[in-house]
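Inspection log for the structure reproduced underneath, given as structure tokens.
The values are calculated or read from the model by the stated rules, or taken from the named source; none is laboratory data. Computed from a predicted model, the values in this text were never measured in an experiment. As a convention, Cβ positions derive from the backbone with ideal geometry for all residues, glycine included, and neighbour counts pool all protein chains shown. Quick note on the areas: whole protein, heavy atoms, side chains included, nothing else; ligands and nucleic acids left out. Shrake-Rupley method; radii C 1.70, N 1.55, O 1.52, S 1.80 Å.
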Amino acid sequence: MNQVNLQAPHVIRNGVTTVLNILIKWQCSKHQIACLLLVPADFEVQDLEAMSFSQEQQERVSYILNIHAGLRSIFSNPENIYGFMNMSNHNPPFNGDKPIDFLMNGGNAEFEAVIKSIDSLAMPK
């Protein structure tokens, strides 16, 4: 089987396009999208699909794809898959905040905490 070069521009472009669609379905504002992807606030979608992404930006794309995959694995209805990130959550680490707001106030550690929290929902109690 052929290996996929995760650094290849077309792979990154496809990932960014997918992430933009996910963020829109999460009902993120343009400001939130810019903050989450570390891009200028005045970005245009066509610019994102053509720009070169730094390692940190690529990691954020990967984190968002993993969060989405986790949500799809534990929820079957679109309201939860796409609504979870904008729902107040009283469980740690969110403590009443929305997961999307939690991500907006941090870096990689917050992305990893969200993934861990979602993964814990899939574990039998």
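Among the helices of the chain, those built from whole DSSP H runs whose Cα atoms reach 20 Å or more along their own axis and whose mean Kyte-Doolittle hydropathy is at least -1.0 are 9-25, 55-74, 108-122. Between residue 45 and residue 66, the distance separating the two model label sites (each 7 Å from Cα on the Cα→Cβ line) works out to 2.7 nm. Based on alpha carbons, the Rg and Dmax found for the chain are 14.7, 45 Å.
Return the FRET efficiency for the residue pair residue 52, residue 104: r is the Cβ-Cβ distance, R0 is 25 Å, and the value is rounded to the nearest 0.05. Step by step, r from the Cβ atoms, then E = 0.55. Surface composition of the chain: carbon and sulfur make up 52 percent of the accessible area, probe 1.4 Å.
Counting only heavy atoms of the protein chains, get the accessible area per residue of the chain (1.4 Å probe) and round it to a whole Å² value. I get 59 Å² per residue for this part.
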